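Enquirer: Please read through the structure below; I'll follow up with questions.
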Amino acid sequence: MIILKTPEEIELMRKAGQILAACHKEIEAMIRPGVTTMEINDFAESFIHKHGAEQVTKGYKGFPAATCASVNDVIAHGFPDRNPLQEGDIVKMDIVCRYQGWHADSCRTYAVGKISPEAERLVRITKECLDMAIPKAVAGNRLGDVMHVIQKHAEGAGFSVVRDLVGHGIGRSMHEDPNFVHAGKPGKGILLKEGMVITIEPMINAGKFDMFIDFDGWTARTMDGDLSAQFEHTVAITKDGPLVLTE
């Protein structure tokens, strides 16, 4: 069941999103060779708490940390650790917080020092996929209209769109209906309505879209060992068009 939100509820979600946006801005200043993803995780958890919100991933179905930290070939749900980041790495920091009972979710891919031209192109195209999809998230369109933009842009650049991990609705719960892959056909899928709030979070692989889950039951990696990038915003469908809550 898709739960529609009132403008007042969306505003509370926006406050949660603004905390995440500010946290990501601070993380951007931390990213450098030698820093660990556990240091970033600990900072993010403290930052969220200091701003009157709660982290929600630590303890969720046994997940051990307040953030997902996914380096290089890890697509998503990586565990933060104490291994220093290396020059040339790309790291995805995916963070969820709850403010007065309402959730927001966002992810950014960060370059560690100077990265290869291939990695830079992957990161750029992935961000473009998100930026191009958001304007399609309007009442009266269908999810396929939004996701087709992502698929067309990524595949046109020679990359692939992950199929086994999905975007989702969000609100009082971190994961709500609908769930959807970031690929599709125009005119297909669920009709977008005012009051819907979804995450748009393209996960784009440099190679094939096939993936596997590590022995820890969480860490999703590319099957071919190639790089993966992700950007995510929480987006509300409003009468005035898409409203990005996490910027």
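Enquirer: Hey, among the residues in the stretch 26-45 that are under 17 Å from Asp81 (Cα atoms) and either among the charged types (D, E, K, R) or without any contact (Cβ under 8 Å) to a residue 24 or more places away in the chain (or both), which one's surrounded by the most Cβ atoms within 10 Å (Cβ to Cβ)?
Expert: Only one residue fits best here, namely Glu45.
Here's the yes/no breakdown for (1) crowded, with 19+ Cβ neighbours inside 10 Å; (2) part of a loop (DSSP other than H, G, I, E, B):
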residue: Lys58; (1), (2): no, yes
residue: Pro64; (1), (2): no, yes
residue: Phe79; (1), (2): yes, yes
residue: Gly88; (1), (2): no, yes
residue: Val91; (1), (2): yes, no
residue: Val96; (1), (2): yes, no
residue: Arg108; (1), (2): yes, no
residue: Gly113; (1), (2): no, yes
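Enquirer: So, one more: Anything in the stretch 161-200 that is within 15 Å of Gly17 (Cα to Cα) and surrounded by fewer than 20 Cβ atoms within 10 Å (Cβ to Cβ)? List them, or say none.
Expert: Residues satisfying the conditions are Arg172, Ser173, Met174.
Enquirer: Tell me which of these Asn72 doesn't satisfy, since it passes every other one: (1) under 24 Å from Ile170 (Cα atoms); (2) touching a residue at least 60 places away in the same chain (Cβ under 8 Å); (3) open to solvent by 10 Å² or more (accessible area, probe 1.4 Å).
Expert: Only one criterion in (1) under 24 Å from Ile170 (Cα atoms); (2) touching a residue at least 60 places away in the same chain (Cβ under 8 Å); (3) open to solvent by 10 Å² or more (accessible area, probe 1.4 Å) is unmet by Asn72, namely (1).
Enquirer: OK, next. Filter the stretch 202-218 down to the residues that are open to solvent by 10 Å² or more (accessible area, probe 1.4 Å), in a loop (DSSP other than H, G, I, E, B) and touching a residue at least 12 places away in the same chain (Cβ under 8 Å) and list them by number.
Expert: Ala206, Gly207, Lys208, Phe209, Asp210, Asp216, Gly217, Trp218
Enquirer: Then there is this: Given Ala65, Ala53, which one is modelled with pLDDT of 95 or more, under 18 Å from the mean Cα position of the chain (by Cα) and not acidic (Asp, Glu)?
Expert: Going through Ala65, Ala53 in turn, the sole match is Ala65.
Enquirer: Given the residues Ala111, Ala137, which is the only one that is small (Gly, Ala, Ser), under 22 Å from His175 (Cβ atoms) and in contact with a helix residue (DSSP H, G or I) (Cβ under 8 Å, 6 or more places away or on another chain)?
Expert: Ala137
Enquirer: Mind listing just one residue for me: the one in the stretch 1-25 that is more than 17 Å from the chain's Cα centre (by Cα) and without any contact (Cβ under 8 Å) to a residue 60 or more places away in the chain and, of those, nearest to Val112 (Cα to Cα)?
Expert: For the stretch 1-25, the residue satisfying everything is Glu11.
The values are calculated or read from the model by the stated rules, or taken from the named source; none is laboratory data. Note that the structure is a prediction, hence the values are computed from the model and not measured. Ideal geometry is used to build each Cβ from the backbone, glycine not excepted, and the neighbour counts take in all protein chains shown. The area values use the complete protein model at the heavy-atom level, side chains included, leaving out ligands, DNA and RNA. Shrake-Rupley method; radii C 1.70, N 1.55, O 1.52, S 1.80 Å.
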